[in-house]
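The values are calculated or read from the model by the stated rules, or taken from the named source; none is laboratory data. None of these values were measured; they are calculated from a predicted model. Reconstructed Cβ throughout: ideal geometry from the backbone, glycine too, with neighbour counts over all protein chains shown. With ligands, DNA and RNA removed, areas are computed over all heavy atoms of the protein, side chains included. Shrake-Rupley method; radii C 1.70, N 1.55, O 1.52, S 1.80 Å.
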Amino acid sequence: MQQRTRIAPSILSADFAALGREVEAIAAAGADCVHVDVMDGHFVPNITVGPMVVKALRKHTTLPFDVHLMISPVDPYIPAYVEAGADIVSLHPEAGAHPHRSIQLIKSLGKKAGVVLNPATPVAVVEPVIGDIDLVLVMSVNPGFGGQSFIDSQLGKIAALRKMIDASGRTIDLEVDGGINPDTAKKAVTAGADMLVAGTAVFSGGPARYAANIKALRG
Ligand code: DX5
Ligand code: ZN
């Protein structure tokens with residue numbers, strides 16, 4: 001039987017002046033983990049939060065922190081995010097010359113490792129590391145900003161990864177990030193996703209709406 005779809009709200013769409021309270025509110029509203037988008041103004045054209053913010057948020061919830069690193073270089077900063085409280089650390093293979101080494105670094109620190117595929121990144125990059133990873137994150141928008149539209153061509157990639165993961169026999173989450181709303185959530189889950197990142201769709205309407213927003217994404 002298929003598991004309930006897990007929802008990872010992206011705090012990129014939260015009120016940054018009240019992040020602690022926002023994290024508490026999404027936890028109370030039924031979120032499965034907290035998706036933290038880390039951007040450096042170099043790998044992607046936007047800048048967000050460093051490890052100090054992750055550390056400050058850690059005491060506001062026991063939910064796992066799903067930290068999406070959109071930074072280059074990535075290796076020098078992995079230990080700091082782990083120390084700050086990351087449970088899952090995901091990186092883009094384009095962020096460094098040695099993604100296999102980056103994955104091993106995350107694992108050596110006792111955390112789950114994820115690989116993120118940009119819309120133009122082929123599924124083939126996952127194959128050589130399928131035995132090492134705990135999560136694949138498919139970007140259904142180009143990374144950098146919330147509020148963009150879901151790129152439908154990524155559905156085929158999700159389906160191909162579903163097959164690859166099932167054939168591996170390993171427990172690997174298949175997460176989709178970008179432009180997720182109740183409609184695109186259904187498409188992504190039908191294609192094989194089991195975890196959805198959502199910023200705009202979760203945080204719109206303010207805290208009183210979070211539980212209903214999350215429920216709507218589970219379908
Ligand atoms: C984009 C980020 C996403 C983004 C999703 O670079 O990785 O997590 O915040 O935002 P929405 O759900 O608004 O598309
Ligand atoms: Zn993200």
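Restricting attention to the stretch 64-80, the residues being more than 16 Å from ligand 1 (Cβ to nearest atom) and not charged (D, E, K, R) number 6. Scanning the stretch 89-119 for residues that are polar (S, T, N, Q) and open to solvent by less than 70 Å² (accessible area, probe 1.4 Å) turns up SER90, SER102, GLN104, ASN118. Within the stretch 1-42, being part of a helix (DSSP H, G or I), charged (D, E, K, R) and surrounded by 17 or more Cβ atoms within 10 Å (Cβ to Cβ) holds for one residue alone: GLU22. Taking the listed residues VAL38, VAL34, the one that is among the hydrophobic types (A, V, I, L, M, F, W, C) and over 25 Å from THR190 (Cα atoms) is VAL38, with no other qualifying.
Scanning the stretch 51-67 for residues that are under 15 Å from ALA17 (Cα atoms) and open to solvent by less than 60 Å² (accessible area, probe 1.4 Å) yields VAL53, VAL54, ALA56, LEU57.
So that you can scan it fast, the table gives a plain yes or no per residue for (1) of a type in the set (Phe, Trp, Tyr); (2) more than 13 Å from ligand 1 (Cβ to nearest atom); (3) surrounded by 17 or more Cβ atoms within 10 Å (Cβ to Cβ); (4) modelled with pLDDT of 95 or more:
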residue	(1), (2), (3), (4)
ASP134	no, yes, yes, yes
MET139	no, no, yes, yes
ASP152	no, yes, no, yes
ALA167	no, yes, no, yes
ASP173	no, yes, yes, yes
PRO182	no, no, no, yes
ALA185	no, no, yes, yes
ASP194	no, yes, yes, yes
GLY219	no, yes, no, no
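Only strands (runs of 3 or more DSSP E) whose full extent lies in the stretch 43-147 are considered here, and the ones with at least 1 residues that are basic (Lys, Arg) and under 17 Å from the mean Cα position of the chain (by Cα) are 112-117. Scan the stretch 86-95 and tell me whether some residue there is away from ligand 2 (no atom under 16 Å from the Cβ) and either modelled with pLDDT of 95 or more or over 21 Å from ARG21 (Cβ atoms) (or both). Checked the stretch 86-95: no residue is away from ligand 2 (no atom under 16 Å from the Cβ) and either modelled with pLDDT of 95 or more or over 21 Å from ARG21 (Cβ atoms) (or both).
The set of residues in the stretch 202-216 being outside any helix (DSSP H, G or I) and surrounded by 14 or more Cβ atoms within 10 Å (Cβ to Cβ) consists of SER204 alone.
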